[in-house]
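The values are calculated or read from the model by the stated rules, or taken from the named source; none is laboratory data. Since the model is a prediction, treat every value here as computed from it, not as a measurement. Positions of Cβ are generated from backbone atoms using ideal geometry, with glycine treated the same way; all protein chains shown enter the neighbour counts. Protein only, heavy atoms only, side chains kept; ligands, DNA and RNA dropped before computing areas. Shrake-Rupley method; radii C 1.70, N 1.55, O 1.52, S 1.80 Å.
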Amino acid sequence: MLRCVIVAFLGLGPLLSGADEAPLTSFAEVRALSREEAQEQRPVVIEGTVIYFESRKTNLDKPEGMVVDDGTAGCWVQTNDRPFVEREKLKPGARVRITGVTHGLSFYPDINKATVEFLGQGSLPEPRILFSKELFAATLDSKWVQVEAVVAGREPGGVGVTLVMEVDGYVVKAGVPAQADIDERVADLMQRRVKLQGVLGTVLNGDGQMTGRHFLVPSIDHIVLVEDYLLRTKSPPKLIEALLKNDHGFRQAIRIRGVVTQVRRNGFYLRDSTGSAFVRSQSFEYPAGSEVSVLGDASVAPFRPEFRAYQIEWLGESELPPPTPYVPGQGVNVNLHAERVSVEAEFLSRREVLEETILQCRAGGQVFEARLPGPDLYARDLESGDDLRLTGVYEVTTSRPIPRVDWADGFRIYLASDEGIRVLQKAPWWTVERLLLVLGVVLVILLVIVIWNWVLRRQVVVQSNTIVEQVEQGIVKDERQRIARELHDTVEQELTGVSMQLGNLSSAIDEDDEVAGRRLSLARDMLKHCREETRASIRDLRDPHLLDRGLPEAMRESLSGVAEQGALEFYFELAGDARVLQATTEQHLLRMAREAVVNAVRHAEATRVEVWLGYEDDGVTLEVSDDGHGFDATQGPPTGHFGLIGMRERANKIHAKFSIDSSPDAGTKVQVLLPWDSPVALPDSQS
């Protein structure tokens, strides 16, 4: 009684949030919802039959899943986080009541957060017979079906055991829960035709699109052999050369008998007195040289039929047939397909892919591959040009779309191990490649010597030119110093003397003679300007910034000293990549910049001066700005002020554009634009 109350209470849980909404009562109604509607978690109360149960025996804290069919459709049901307390009763055919909510992220909407109530044991519904053309029909998702297929293999992973099934050429995986004797039972089904009963599941991507199909099989008991397909023939074994001829039907159970010549991962090669064939078998444990009897059927394959093994009977040890020699120059021999052969060939190269080592070889004029299982250390020691004898199984290939005998244009050799490789003769050390390499090294050395000799000669020329330049610069420097001394000792002193005489004259002139006083004042201003220019020239001669540092650094160092003398804040900015100009042009630019800064110090009563030197696409731009009281730039310079006149004259000499922007109490900006096409802009070597 208590259990029923608990189950009833739990069954109401998912409905509490949707108490005003009538629950869905059939899986057909659930599947009719759109993904968006199903994501609204609509309530569901449905009774049906369990056709598949995925138990979480290894993790009881995780929710469990099952497929339930209510007669209208099948549907995946995910239980709530509480593990189902009666899981042992949930066998195929169990009747249950599902109480949960819809979920919309599967191929069709399904049920999530479900509580399961066990109602009693029933029976499975009659399976729908599935044909290969319906394998990917969307409406058959989660349907209980029956299909005939061939068990082609087994793969690791998945829930329990994953079988590879062939349904009329389609390859589909089937998941079967693990049980005690499943390995033996699966081995007995390999390469045999069976009837499979299970749930047809859908593999999908994140957008809800079908990307594959698989079967959910409740147990290995739901995979049974097709009875009329397992006729144990008592007739003598059939010869390999007689397989799939006009008197031998496809999928006809027969026996063949022979000696195992080589074993591969998914089967082995068998030879009788008439020829060889590849036998597919997932579990073969007998070595090469074993004589076996194989029950199975033949299937089509390129150039020679293959054989699918149902049962393998070991008859004893036998002598391994000697390999058939491959004759270089004979091209592709279709009759050697699946035969054990020996090939004498030249080794060319090696590469490793996945779990295989591929040797590129050449026999006569035929290039082929020899495939070796796994990465092999012995094969890594082979060198291009080695003469080898390879012993393995010959397999014909074609680059044409249909494997016709007359379209065969290549072959490969399957080696069982590195024991199938024998080095007949190592490649000589003096190969064409090594000879070319040595010649290349010699040529490189000669080239290096020639280049080194050329570089040395060039370096000698450069050093000689440098020495000449240094000597010339020393001579020029000495000459500059001499001229500076003479200017200081002669012109400067003479100008000073003239200035003193003009001062004496000024005191002697009558104060009433206004015209003479004005002219005398103008002469004194002109003389003062000449003295300043002379001193600047002497300073430049004695400290040649341009010769040593270039225009930007000379301007930065020279102008910062002028600004510092006037207690101005000085800012200098360089834009672009500096280029070397003609020496006289750089001298004029420096003198113009200095004159602008001197004016800011002496006349503008500025507190800040900014200098911007830009090397741009169209030329060199010099800007000097200050925050002084400025002046009316539309009027001529005051009497006795020659700085602006000198700057304009210097700009004209270097074919530069000169402009000045100033107004009272608004500061002053001087701009000089020297275009690259000025005849005195660049040195003659760069013009």
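A few remarks follow.
- Taking 24 Å as the limit for the C-alpha separation, the pairs 143/173; 91/143; 133/245 exceed it in the case of 133/245.
- The GluC sites (Glu not before Pro) of the range 598-685 meeting both criteria, a DSSP state outside H, G, I, E and B (loop) and at most 16 other C-beta atoms within 10 angstrom of the site's C-beta, are 605, 616.
- What separates the Cα centres of the range 136-170 and the range 258-334 is a distance of 29 Å.
- Cβ crowding within 10 Å averaged over residues, with 440-448, 655-663, 70-78, 589-597 ranked highest first: 589-597, 70-78, 655-663, 440-448
- In the context of the full set of protein chains, residues of the range 551-658 present 50 Å² of accessible surface per residue (probe radius 1.4 Å, heavy atoms only).
- Rg/Rh for the range 125-191 (Cα atoms only, Rh after Kirkwood) is 0.98.
- As a length-normalised measure over Cα pairs under 8 Å and 6 or more apart, the relative contact order of the range 556-683 settles at 27 percent.
- Surface per residue (accessible, 1.4 Å probe) for the range 93-211, Å²: 44
- Short-range pairs are left out: with C-alpha atoms under 8 Å and at least six residues apart, the relative contact order of the range 254-345 is 26 percent.
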